[in-house]
Amino acid sequence: MQKGPPTPKGFRDIDPNLAKKRRKVIEKIITVLENSGFEPIETPIIEFADTLKGKYGEEEKLIYEFIDRGKRQLALRYDLTVPLARYIANHNPKLPFSRWQIGQVFRGENPQAGRLREFTQFDFDTIGSNDLLDDAKIIAAAIKAAKTVGFKNPIMKINDRKNFSGINKEIVITLDKLEKIGEEKVIEELIQKGFTKVKAFSTLTSMRNKKPTNDLSQIFKLLETLDVDKKDYAFDPLLARGLDYYTGAIFELKILTYGNLSIGAGGRYNDLIGMFCGKQIPAVGFSFGLDRLIDAIGEN
């Protein structure tokens, strides 16, 4: 029976048993990342609101903003990537720079399984390299980390943002729902968006039959050189993530025994870092959702 005041919706306390479990998982992932050449950094939980605004598209409305006693417009960080971009601009580390970071992030959205309004992200990125070997290293590190914490069947779904060139964003979002809602519902949605039934079927078929881009073919070869088992990754021509954000390879790590839900995702984003630096700086990274990952371990 609750005796004290409640926490706000989407926020929670973490008891000792869960805190210990989280710490063990974090330590295992850190070991994998640091053995792979990633270094730790930390950034503030609070940023100036203008630092965050204009980076998340329609999702900007989810940012927690407030005014402090000095009348400054501040915000709780929405993710760890925009603060990373600011860090690169301010500290000018030698590039390429590979970092890992773990921290709380805040989003004013409806709470869902494995995702509250305050949750923990565990990111690792390589900044300043266009080399596809770094894309492959990110993918390999994510898969190895998942196996190290106890997952037996992680599978990284991989696609290329370029496979959606010339296709309306809303159509791409609908096609990406195939695995969740099935072919019939996808066709229905396309028809609702103005497609004829024939065009809806042909569009879905065309996208299903897409082949890996040259970049993806190269990444797959590099994964072999990194001794990543072919059963641990797969090309998915309908995978769509961050359509306003990613510029190249995109990937999502799924656990089949966890309802085929994602425990992390990432990709190549060559435009964001340069928004603070005044020049284009390539980047590729991955982010684990720690809370969902911990939940999935219990189902594994």
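The values are calculated or read from the model by the stated rules, or taken from the named source; none is laboratory data. Given the structure is predicted, the values throughout are model-derived calculations rather than measurements. Quick reminder, even Gly has a Cβ in these numbers, built from the backbone with ideal geometry, and neighbours come from all protein chains shown.
Regarding K137, is this residue in a helix (DSSP H, G or I), modelled with pLDDT of 95 or more, out of contact with any helix residue (DSSP H, G or I) (no Cβ under 6 Å at 6 or more places or on another chain) and more than 14 Å from G266 (Cβ to Cβ)?
no
Return the total of residues in segment 89-141 being within 24 Å of V25 (Cα to Cα) and among the polar types (S, T, N, Q).
7
Looking at A89, A141, A200, which is the one that is over 17 Å from L239 (Cβ atoms), in contact with a Cys (Cβ under 8 Å, 6 or more places away or on another chain) and not polar (S, T, N, Q)?
That would be A89, the only listed residue that is over 17 Å from L239 (Cβ atoms), in contact with a Cys (Cβ under 8 Å, 6 or more places away or on another chain) and not polar (S, T, N, Q).
Quick check: is even one residue across segment 232-247 in contact with a Lys or Arg (Cβ under 7 Å, 6 or more places away or on another chain) and of a type in the set (G, A, S)?
yes
Mind counting the residues in segment 191-212 that are over 30 Å from the mean Cα position of the chain (by Cα), assigned to a loop (DSSP other than H, G, I, E, B) and either surrounded by fewer than 10 Cβ atoms within 10 Å (Cβ to Cβ) or of a type outside the set (S, T, Y) (or both)?
2
Go through the residues of segment 149-161 one by one and say whether even a single one is free of Cβ contacts under 8 Å to residues at least 12 places away in the same chain and more than 24 Å from L33 (Cβ to Cβ). Give the derivation first.
Pass one, segment 149-161, residues free of Cβ contacts under 8 Å to residues at least 12 places away in the same chain: none.
No, the conditions are met nowhere in segment 149-161.
Would you be able to tell me the number of residues in segment 47-62 that are in a strand (DSSP E or B) and crowded, with 16+ Cβ neighbours inside 10 Å?
1
List the pairs whose first member sits in segment 10-39 and is closer than 13 Å to L290 by Cβ and in contact (Cβ under 8 Å) with a residue 40 or more places away in the chain, whose second member is charged (D, E, K, R) and surrounded by 13 or more Cβ atoms within 10 Å (Cβ to Cβ), and whose Cβ atoms are under 9 Å apart, counting only residues at least 6 apart or on separate chains?
Correct list of pairs: R22/D291.
Being in a helix (DSSP H, G or I), within 19 Å of the chain's Cα centre (by Cα) and without any contact (Cβ under 8 Å) to a residue 40 or more places away in the chain is the filter here; which residues of segment 78-97 pass it?
Matches in segment 78-97: none.
From the list L253, L222, which one is touching a Leu at 6+ places or on another chain (Cβ under 6 Å), modelled with pLDDT of 95 or more and within 20 Å of S36 (Cβ to Cβ)?
Working: L253 fails: touching a Leu at 6+ places or on another chain (Cβ under 6 Å).
Step by step, each of L253, L222 is checked, and only L222 is touching a Leu at 6+ places or on another chain (Cβ under 6 Å), modelled with pLDDT of 95 or more and within 20 Å of S36 (Cβ to Cβ).
Exactly one of these conditions fails for D125: (1) farther than 17 Å from S36 by Cβ; (2) assigned to a strand (DSSP E or B). Give me its number.
That leaves (1) as the condition not met.
In segment 94-109, is there at least one residue being surrounded by fewer than 17 Cβ atoms within 10 Å (Cβ to Cβ), over 26 Å from K9 (Cα atoms) and among the charged types (D, E, K, R)?
Within segment 94-109, one or more residues are surrounded by fewer than 17 Cβ atoms within 10 Å (Cβ to Cβ), over 26 Å from K9 (Cα atoms) and among the charged types (D, E, K, R).
So the check is Cβ under 6 Å with 6+ separation or different chains; which pairs have a first residue in segment 98-118 that's within 11 Å of L62 (Cβ to Cβ) and a second one that's of a type in the set (S, T, N, Q) and not in a loop (DSSP other than H, G, I, E, B)?
Close Cβ pairs (under 6 Å, with a partner that is of a type in the set (S, T, N, Q) and not in a loop (DSSP other than H, G, I, E, B)) amount to V105/Q121.
Working carefully through the options F235, F288, F251, F276, find the one that is in contact (Cβ under 8 Å) with a residue 60 or more places away in the chain, touching a Pro at 6+ places or on another chain (Cβ under 9 Å) and on the phi < 0 side of the Ramachandran plot.
Answer to the check: F235.
For K230, work out the one condition from (1) touching a residue at least 12 places away in the same chain (Cβ under 8 Å); (2) basic (K, R); (3) surrounded by fewer than 22 Cβ atoms within 10 Å (Cβ to Cβ) it doesn't fulfil.
(1)
Mind checking whether some residue in segment 63-77 is under 30 Å from K144 (Cβ atoms), within 21 Å of the chain's Cα centre (by Cα), outside any helix (DSSP H, G or I) and of a type outside the set (S, T, N, Q)?
We begin by selecting, within segment 63-77, every residue under 30 Å from K144 (Cβ atoms); these are 77.
Checking the rest, the ones that are also within 21 Å of the chain's Cα centre (by Cα) come to 77.
Filter once more, so that each one left must be outside any helix (DSSP H, G or I): 77.
This time we only want the ones that are of a type outside the set (S, T, N, Q), so: 77.
Yes, segment 63-77 contains a residue that is under 30 Å from K144 (Cβ atoms), within 21 Å of the chain's Cα centre (by Cα), outside any helix (DSSP H, G or I) and of a type outside the set (S, T, N, Q).
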